[in-house]
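The values are calculated or read from the model by the stated rules, or taken from the named source; none is laboratory data. Since the structure is predicted, the reported quantities are computational estimates derived from the model, not experimental observations. Backbone-built Cβ (ideal geometry, glycine too); neighbour counts: all protein chains shown. Surface areas here come from the heavy atoms of the whole protein model, side chains and all, with no ligands, DNA or RNA. Shrake-Rupley method; radii C 1.70, N 1.55, O 1.52, S 1.80 Å.
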Amino acid sequence: ACRRVREDATRLAKKGDVDWLAVAAPLWTSPAELADYGRAHPGTPRLALDRDGAAFAAFGIRAIPSVVLLDAQGRVARVLGPDERGIEQALRAIAKRSAP
């Protein structure tokens with residue numbers, strides 16, 4: 001599931017119409033490992049380390065990987081869990097709802 005989400009996000013990030021940020025938990029990753037990962041996987045969305053778990057808590061993330069999709073106003077539009085597919089379809093649905 002992690003690889004699928006990473007590959008989907010990387011592919012979608014290349015389109016340039018969505019701003020991506022990948023957030024890792026310090027439970028499994030150090031800052032150095034996160035930097036190494038970014039170098040080893042060119043094109044991966046920007047990476048951040050949620051050092052104190054605040055981002056995971058704020059969005060109610062309990063399973064990895066999860067994808068939090070925000071609408072144009074920065075509100076949570078949808079959270080996809082590890083077993084959910086269809087990030088691109090979810091993005092299109094959000095864009096359609098946000099269109100004037």
Of all residues in segment 64-82, count the ones that are in a loop (DSSP other than H, G, I, E, B) and either without any contact (Cβ under 8 Å) to a residue 12 or more places away in the chain or more than 19 Å from residue 23 (Cβ to Cβ) (or both). 4
Looking at (1) in a helix (DSSP H, G or I); (2) open to solvent by 50 Å² or more (accessible area, probe 1.4 Å), which is the one condition that is false for residue 55? (2)
Of the conditions (1) of a type outside the set (Val, Ile, Thr); (2) in contact with a strand residue (DSSP E or B) (Cβ under 6 Å, 6 or more places away or on another chain); (3) surrounded by fewer than 16 Cβ atoms within 10 Å (Cβ to Cβ), residue 85 clears all except one; give me its number. (2)
Tell me, yes or no, whether segment 14-29 has at least one residue that is modelled with pLDDT of 90 or more, open to solvent by 60 Å² or more (accessible area, probe 1.4 Å) and in contact with an Asp or Glu (Cβ under 9 Å, 6 or more places away or on another chain). yes
Here is a check on your reading of the model: is residue 4 open to solvent by less than 70 Å² (accessible area, probe 1.4 Å), under 14 Å from the mean Cα position of the chain (by Cα) and among the basic types (Lys, Arg)? yes
